[in-house]
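J.: A single structure is presented below for examination.
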Amino acid sequence: MNLYEKLLSGEEKLSLVGLGYVGMPIAVAFSKVLNVIGFDLNSKKIDLYKSGIDPTKEIGDEAISKCTVDFTSDPEKLKEAKFHIVAVPTPVNDDHSPDLTPVEGASRILGQNLTKGSVVVFESTVYPGVTEEVCVPILEKESGLKCGVDFKIGYSPERINPGDKVHRLETITKIVSGMDEETLDTVAKVYSLVVKAGVHRAESIKVAEAAKVIENSQRDINIAFMNELSIIFNKMGIDTKSVLEAAGTKWNFLKFAPGLVGGHCIGVDPYYLTYKAEKIGYLSQVILAGRRINDGMGKYVAENLVKNLIKAGCHVKGAKVALLGFTFKENCPDTRNTRVIDICTELSEYGIIPVISDPVADAAEAEREYGVEFVDINEIKDVDAVILAVAHNEFASLSMEDFNRMFKKAPNEEKVLFDIKGLLDRKTYEQAGYNYWRL
């Protein structure tokens, strides 16, 4: 029997290294058809999974409690598996250079517990060459085994979209690659067990790595264009959303919208590509220009808020501003690499006091990562302005009465309302006397 058949028969196990927003849904999906070991260094996270709690809210508590994944924080358990999937984050450093520490650390741990005949597949987003040039040497050094002889490698970039209940692991075509035809065939067959949308066999590991890194770079550039349009149209006194609705009636107009670009993919992946490009002697122009625009949008929003507070006759220093939403995207608890923090930081420099509410966010994570504390939305009152920053379902259902309750009752002051994602009807709020602004 080959490895694929042994996995199907239960003779061999599959391991998942890294159980975050990407790794955990993969582990649970595979556990429906194979014996799965779910490994993460974070023992507190493992305890939550074992007790049937899904802190990521990606698949829910019920699915976690019913799944058969053998959750563990003991690296020795990895020795029981022969097919390994590595799904750890790949962030960037403060200077925007790739931080490969997590993937290098995962490779070390896996290498120390790697057995002959194993297949290792990396899912982490990297620039072309990382799997073969960075990860393989670590695996070989730690295991004492030889890649291509004692174990094989592949790459299958993650495409999970946190908070998205429509585009799931099972419904998104999976790119797969392997170091040789035999490995590619094994990797393709294994993923086909859970990905009903099918797999695309890339011709090499580098092609698969490159495909992943340009997917989000393309989206980043398109959003940057929308953000630049918003800046231009704002100066012209034209509503950007209305312009995009009009332009969107053409069949080949791409429907993107302006906004804050954070998270672990769109705001990060382009830097992996530009870093590698610079290493081989090419300085990116379009990609980095897009990054500069998107990274500056938090500051841009804050500056416009200050201008509108002044227009409304409000004293800027000591003003109180409600920030609704703190996560990097709607309906997702993840606050890491959120760009809402840029608005908070900039407002604080003006002496403005931000009051933050987010019913979806991981409050402990936000306090640990940024030192911010949330308040219940019903406790927000006497503010000078409201910034609707994230399009959570909870915020989409807010009424004008809900917003009225948050503001000071000063008779001569306009209510300054910033609707970053354009959730509300502009005319309705302007007719009610609001100083309404959106990207």
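The values are calculated or read from the model by the stated rules, or taken from the named source; none is laboratory data. Given the structure is predicted, the values throughout are model-derived calculations rather than measurements. Please note: Cβ atoms are built from the backbone with ideal geometry, for glycine as well, and neighbour counts cover all protein chains shown. Accessible surface is based on the protein model in full, side chains and every heavy atom, while ligands, DNA and RNA are left aside. Shrake-Rupley method; radii C 1.70, N 1.55, O 1.52, S 1.80 Å.
J.: Tell me which of these His264 doesn't satisfy, since it passes every other one: (1) at pLDDT below 95; (2) open to solvent by 50 Å² or more (accessible area, probe 1.4 Å); (3) within 22 Å of Leu417 (Cα to Cα).
T.: Single failed check for His264: (3).
J.: Would you please name the residue that is farthest from Met297 (Cα to Cα), looking only at residues in the stretch 340-364 that are assigned to a loop (DSSP other than H, G, I, E, B) and of a type in the set (Gly, Ala, Ser)?
T.: Selected residue: Ala361.
J.: Looking at the stretch 269-289, I want the residues that are in a loop (DSSP other than H, G, I, E, B) and have a partner that is charged (D, E, K, R) and open to solvent by 40 Å² or more (accessible area, probe 1.4 Å) with Cβ atoms under 8 Å, at least 6 apart or on another chain. Which pairs are those?
T.: Ser284/Glu278
J.: Take the stretch 22-45 and flag every residue that is surrounded by fewer than 24 Cβ atoms within 10 Å (Cβ to Cβ) and not charged (D, E, K, R).
T.: Ala29, Ser31, Val33, Leu34, Asn35, Ile37, Leu41, Asn42, Ser43
J.: Also, I was wondering about something else. Search the stretch 412-433 for residues being open to solvent by less than 50 Å² (accessible area, probe 1.4 Å) and in contact (Cβ under 8 Å) with a residue 24 or more places away in the chain, and hand back the single one that is nearest to Gly259 (Cα to Cα).
T.: Per the criteria, the residue is Ile420.
J.: With the requirement that a residue be among the small types (Gly, Ala, Ser), buried (at least 17 other Cβ atoms within 10 Å of the Cβ) and more than 24 Å from Gly20 (Cβ to Cβ), what does the stretch 313-346 give you?
T.: Ala319, Ala322
Residues checked against (1) part of a loop (DSSP other than H, G, I, E, B); (2) touching a strand residue (DSSP E or B) at 6+ places or on another chain (Cβ under 8 Å); (3) not charged (D, E, K, R):
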| site | (1), (2), (3) |
| --- | --- |
| Ala366 | no, yes, yes |
| Val386 | no, yes, yes |
| Val390 | yes, yes, yes |
| Arg405 | no, no, no |
| Leu424 | yes, yes, yes |
| Lys427 | no, no, no |
| Asn435 | no, yes, yes |
| Leu439 | yes, no, yes |
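J.: Sticking with this one: Kindly indicate which of Glu170, Glu142 is open to solvent by 30 Å² or more (accessible area, probe 1.4 Å), in contact with a Lys or Arg (Cβ under 6 Å, 6 or more places away or on another chain) and in contact (Cβ under 8 Å) with a residue 40 or more places away in the chain.
T.: Glu170
J.: So, one more: From the list Gly52, Gly60, which one is at positive phi, of a type in the set (Gly, Ala, Ser) and under 23 Å from the mean Cα position of the chain (by Cα)?
T.: Just one listed residue meets the conditions, Gly60.
J.: If we keep just the residues of the stretch 323-370 that are in contact with a Pro (Cβ under 8 Å, 6 or more places away or on another chain) and small (Gly, Ala, Ser), which is farthest from Lys408 (Cα to Cα)?
T.: In this case the residue turns out to be Ala361.
J.: Looking at the stretch 128-137 only, could you name the residues that are assigned to a helix (DSSP H, G or I) and either on the phi > 0 side of the Ramachandran plot or under 27 Å from the mean Cα position of the chain (by Cα) (or both)?
T.: Once the filter is applied, which keeps residues that are assigned to a helix (DSSP H, G or I) and either on the phi > 0 side of the Ramachandran plot or under 27 Å from the mean Cα position of the chain (by Cα) (or both), the stretch 128-137 yields Val130, Thr131, Glu132, Glu133, Val134, Cys135, Val136.
J.: I would also like to ask the following. Answer with yes or no whether Ile172 is in contact with a helix residue (DSSP H, G or I) (Cβ under 9 Å, 6 or more places away or on another chain) and either more than 30 Å from Thr335 (Cβ to Cβ) or β-branched (Val, Ile, Thr) (or both).
T.: no
J.: Within the stretch 82-110, can you find the residues that are among the small types (Gly, Ala, Ser) and over 22 Å from Val176 (Cα atoms)?
T.: Once the filter is applied, which keeps residues that are among the small types (Gly, Ala, Ser) and over 22 Å from Val176 (Cα atoms), the stretch 82-110 yields Ser97, Gly105.
J.: From Tyr300, Tyr271, grab the single residue that is open to solvent by less than 40 Å² (accessible area, probe 1.4 Å), touching a His at 6+ places or on another chain (Cβ under 7 Å) and farther than 19 Å from Thr56 by Cβ.
T.: Being open to solvent by less than 40 Å² (accessible area, probe 1.4 Å), touching a His at 6+ places or on another chain (Cβ under 7 Å) and farther than 19 Å from Thr56 by Cβ holds for just one of Tyr300, Tyr271, which is Tyr271.
J.: Which numbered condition trips up Leu48, out of (1) part of a loop (DSSP other than H, G, I, E, B); (2) at pLDDT 90 or above; (3) surrounded by fewer than 24 Cβ atoms within 10 Å (Cβ to Cβ)?
T.: With respect to (1) part of a loop (DSSP other than H, G, I, E, B); (2) at pLDDT 90 or above; (3) surrounded by fewer than 24 Cβ atoms within 10 Å (Cβ to Cβ), Leu48 is out only on (1).
J.: Would you confirm, using the coordinates I've provided, whether Ile64 is farther than 24 Å from Ala364 by Cβ, among the β-branched types (Val, Ile, Thr) and at pLDDT 90 or above?
T.: So Ile64 fails the test.
J.: Specify which of the listed residues (Ala396, Ala363, Ala389) is among the aliphatic types (A, V, I, L, M) and within 17 Å of Val306 (Cβ to Cβ).
T.: Just a single option satisfies the conditions, and that option is Ala389.
J.: Within the stretch 227-250, identify whether any single residue is open to solvent by less than 30 Å² (accessible area, probe 1.4 Å) and under 30 Å from Tyr370 (Cα atoms), and answer yes or no.
T.: So far as the stretch 227-250 goes, yes, one or more of its residues are open to solvent by less than 30 Å² (accessible area, probe 1.4 Å) and under 30 Å from Tyr370 (Cα atoms).
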